[in-house]
Amino acid sequence: MTLIDRYLLIQFLKSFLIFFISFTGLFIVIDSFNNLDEFLKYGDMTGSTFGVLWDYYSPRVFTFFGMTSGILTLIAAMFTVTWIQRHNEMTALMAAGISQARIVRPIIVAVLVIAVLGVLNRELLIPRYIDRLSRNAQDWMGESKKALQQKYDNQTDVLINGAATYANEQRIESPNFRLPENYEGVGNQILGANAYYRPPTEGRPGGFLVDGLSKPESTEGVPSIDIEGTPLVLMPSDNKWLEPNQCFLVTGLSFEQLTASSQWRDYASTYDLISTLSNRSLDVGADVRVEIHSRIVQPFLDITLLFLGLPIVLRKENRNIFVAIGYCLLVVIGFYAVTLVCKAMGSSYYGIRSPALAAFIPLVIFVPIATAMSTPLRS
């Protein structure tokens, strides 16, 4: 790495960090003031307002990075190039026989690295905090009562319903589980005081532990229910870990998928999203399929965005930083408008029937344009 490479790389990273810290800090300040009363209340409950703020905003920094890294790398790249043009450093380097492509190479490499970091952030860091990210400031402790929209388990045809849910306990209040048919000793309905979600463990499937059974009125001598050898309802008569007034409904739906499916989709890893395609309990819509394909193409979109914006500065020889940022905003607005419209059309099957096509159309449109615009960078 030459001296000029280090110089440009340092300028780019400084610009990127300044923009990222500024925008992130602005978001945190505005959001925290809007929710100050809630944070002070939770601070009194936990003994540390700062601890609440840290737990709430630290995972949101990762999501903010994921949403803005593509835009900020373009802004930082354009800012860096405009800066060296303004001080005639670009002219001096080109007079020395160094091509534009060679000059901006460290910036392009840095953008590639940040794109890879964005993928790692998306797949490894954000999914670890899915529980925190699914809660807002008004329900940070998960104690608020939320309505439950009834949902079918498509594998077992069980209708899962209840009066309300509580995220902190993963609990359904007054569960009402309607079975696909009448079963001896149980009927076609399970009612109880509460149902607690239990993830699958070794020797036991995942599902809901129903406590305080009111229907069936008695579980004495009632056998467990299975469908073609697959357990559906576990009873105390042959599962000693259950109390007499309890039963266990087996389902492939997790508590998050049942109560916050859209947020779960946004924060889950791509591997988890792909796994849902084989989960017969879930009715996976086009939005999940579009999201999977969009994540695959996202790093390529970030690179394409760079090659749409960077040639504008190099070709125009513009020395005004604010004009360069104005060009950048126009490019970003057009780029993301097309991307969001394609995703929306693919998610609703309106106009674009293929989720894969909806995710890849922006590349089909913008890669040829970026290729044509970046001709000077290849010389």
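Laboratory data are not the source of any read-out in this text; all were calculated from the coordinates shown. Given the structure is predicted, the values throughout are model-derived calculations rather than measurements. Here Cβ is always computed from backbone atoms with ideal geometry, including for glycine, and neighbour counts include all displayed protein chains.
Which parts of the stretch 150-168 would a label at LYS215 reach, counting a residue when its backbone N lies under 15 Å from a point 7 Å out along Cα-to-Cβ?
159-163
With r as the distance between the Cβ atoms of ILE98 and LEU13 and R0 = 35 Å, compute the FRET efficiency 1/(1 + (r/R0)^6) and round to 0.05.
Computed FRET efficiency for LEU13 and ILE98 comes out at 0.95.
Tally Lys/Arg at +1 and Asp/Glu at -1 over every other residue whose Cβ is under 12 Å from the Cβ of PRO223; what's the total?
After counting each charged neighbour, the total is -4.
State which helices in the chain qualify, where a helix is a whole DSSP H run, it must extend 27 Å or more along its own axis by its Cα atoms, and its mean Kyte-Doolittle hydropathy must be at least -0.5.
Sorted by number, the helices that extend far enough and score high enough are 3-34, 49-86, 100-120, 286-316, 321-347, 355-373.
Take ALA163, project a point 7 Å from its Cα along the Cβ direction, then tell me which residues of the stretch 203-237 have their backbone nitrogen under 15 Å from it.
So the set is 211-215.
Between VAL113 and ALA372, how high is the FRET efficiency from 1/(1 + (r/R0)^6) when r is the Cβ-Cβ distance and R₀ = 22 Å? Nearest 0.05.
Using R0 = 22 Å, I get an efficiency of 0.30.
Note down the nm distance, to one decimal, between modelled labels 7 Å out along Cα→Cβ at TYR271 and at GLN149.
2.9
Which far-off residues, 5 or more places away or on another chain, put their amide H under 5 Å from the one on ILE227, with H placed in the peptide plane?
Result for ILE227 returns LEU232.
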